[in-house]
Amino acid sequence: MVRILVAPRHFAHFGCSVLVVAVLASLPLTTAAQISGDEGEDERSESASSTTQPPTEMDISENITRVMSIPAQTDRGALILSISGGVDKDLFEVLLEKGSYSLVFKSAPDYENPADNDRDNVYKVEVTYKLPDLTAKATFWVSVTDADEPPPTPKAPTVTFRSDSGLEVSWDPLTYTDRPAVTSYSVRYRQTMPGDWITIAPNPPTSTNMITYGLKLNTEYEVQVRASNDDGHGAWSSSATVTTKRPPVFATVGSKLSVEENTVLGGGLFASDPDGGSLTWSLTGGADRALFELSSLGNIYSLVFKQAPDYENPADSDKDNVYEVEVTVTDSDSLSVSRTFIVSVNNVSEPPPAPEALSAIFSGALELSVSWNAPTYNDRPPVISYSVRYRRRGTSTWVTRTPYPLTHTSMIISGLSVATGYEVQVRASNDEGHGVWSGSKFATTKRPPVFRLASDLGVRENAVRGGGGGGGGGGGVGD
């Protein structure tokens, strides 16, 4: 058996004599001179057909179709090459191209998927050589050897910038059957020239998407992907490019706000998008989030209490008049920024409102009886005392007195002048100050009755009635 290692890409460069020596001359061929001997035509045919030639072994790498090439014109005349047998003959063909015969596979052989008769990657084919003075048949055993077959090149990936300053990379999985399966993918990226490539791998290795973090903002990146298998790494894909964006920026200085109680406005908020996108505002967290809402006027947003805070009755989670709420601003690229604001509610002086239903009436003995109803409220400190003031009508000087106990809602004003009109007011006070004086009530003291005696009243002896007296304007004396 003759074994020939064939490099098909270079075979066509050999001269005719080399080919004959390498292929033909090594075989026990029957020549035209031998055929024309004294034994006659029948004997010649019998001699030619009985010629036995050992198979010639040839190695060829998978995925290559050309097995061998021989010039059609030799120094011994025209050559005709044809396929004449072999269990795998239907997988071969002979081509005449540019003055040479080539024995080729009809389809490139695949080591991983052998197509020969017994699936052992050894293909058997018989060819017939015809020259003017020589005819021979030769059997070739073409052994297909394994070659490194990394995966083909993937298409350029799809790259999306994420709101967490990362890149989300995805690509189409490779589908093929002519080489070992993909065992992993790799992704590499860099800042658009000049920049060094950074290579990363998805997890699991055969995933067709991944996320990379830690990128610079407002920077263009290019990204490529490649596949690998047991035979090696494939080529990198063409690049996909993406520019990282910048998230919105809060223009509000600091995160601490301060408001007075009874005020719903928690503070004005300002933000902008460096990339010029539109902004969406939302409340996204904080222990006291449920107590707030956002109000807008154009592009200006305000943090607003749903109900005005009361310093004396704090509603925040830990009842210390310090409210926490998180505000998030999201731009049109889904990039967002969040900030937790601390809103401190300050105490303000909240004296009580004016008492109600003031009443002032003359009660005799130069006195006025004054009474009122306590003011009703629950949004400020309780009343700790009342004050009553009065003055003569038409004068400007007030006299102020307080009831005892201090929280009584009535009192008697005594020591007043007779038949005099008075104006009376009342107010309440608490720990944060004096309330306003109530509206005025007016009352007039009365004159008491006057007892008079007749100056010349005489009394008769033995008379029972001694005389008459009168009140008010005086009384007459009866006879």
* Structure fact -> The answer for chymotrypsin sites (Phe, Trp or Tyr not before Pro) in the range 211-240 that fall in a DSSP coil and have at most 11 neighbouring Cβ atoms within 10 Å is 213
* To do: Please give the length that would be gained between residue 432 and residue 361 if that part of the chain were fully extended, namely 0.36 nm times their separation in residues minus their C-alpha to C-alpha distance (nm, one decimal).
  => 22.4 nm
* Ignoring any ligand, DNA or RNA, what whole percent of the accessible area of the range 256-370 comes from carbon and sulfur when the probe is 1.4 angstrom? -> 48 percent
* Can you pull the percent of the range 75-158's accessible area that's carbon plus sulfur, 1.4 Å probe, other chains left in place? -> 49 percent
* Identify all lysines with a Cα-Cα distance to residue 319 below 21 Å; exclude those on the same chain that are fewer than 8 residues away in sequence. => 256, 306
* Which one of 409, 377, 396 has its Cα pushed farthest toward the positive end of the charge dipole of the range 366-434, where Lys and Arg give +1 and Asp and Glu give -1 at the Cβ? -> 396
* To do: Step through the residues of the range 228-239 one at a time and calculate ³J(HN,Hα) from phi using the Karplus curve (6.51 cos²θ - 1.76 cosθ + 1.60, θ = phi - 60°), rounding each to whole Hz and writing x for Gly and Pro.
  => 9, 9, 5, 9, x, 9, x, 7, 5, 6, 5, 8
* the range 279-426 - accessible surface per residue (Å², probe 1.4 Å) -> 51 Å²
* Asked: Given 106/130; 89/130; 216/245; 89/137, which pairs have Cα atoms separated by over 20 Å?
  -> 106/130
* Structure fact -> Amide H proximity to residue 287 below 5 Å, modelled H, separation 5+ or other chain, gives 324
* To do: Could you tell me whether the range 152-227 comes out rounded, prolate or oblate from its Cα gyration tensor? Rule is a ≥ b ≥ c as square roots of the eigenvalues, rounded for a/c under 1.5, then prolate if a/b exceeds b/c, otherwise oblate.
  => prolate
* Using the Karplus equation 6.51 cos²θ - 1.76 cosθ + 1.60 (θ = phi - 60°), what ³J(HN,Hα) coupling, rounded to whole Hz, does each residue of the range 134-142 give in order, writing x for Gly and Pro? -> 7, 9, 7, 10, 9, 9, 10, 9, 9
* With θ set to phi - 60° and the Karplus curve 6.51 cos²θ - 1.76 cosθ + 1.60, what are the ³J(HN,Hα) couplings of the range 118-123 in order, to the nearest whole Hz, using x for Gly and Pro? -> 10, 6, 10, 6, 10, 9
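The values are calculated or read from the model by the stated rules, or taken from the named source; none is laboratory data. Being a predicted model, the structure only gives us computed values, none of them experimental. Cβ sites come from the backbone with ideal geometry, for glycine too, and all protein chains shown count toward neighbours. Please note that ligands, DNA and RNA were not included when accessible areas were found on the heavy atoms of the full protein model with its side chains. Shrake-Rupley method; radii C 1.70, N 1.55, O 1.52, S 1.80 Å.
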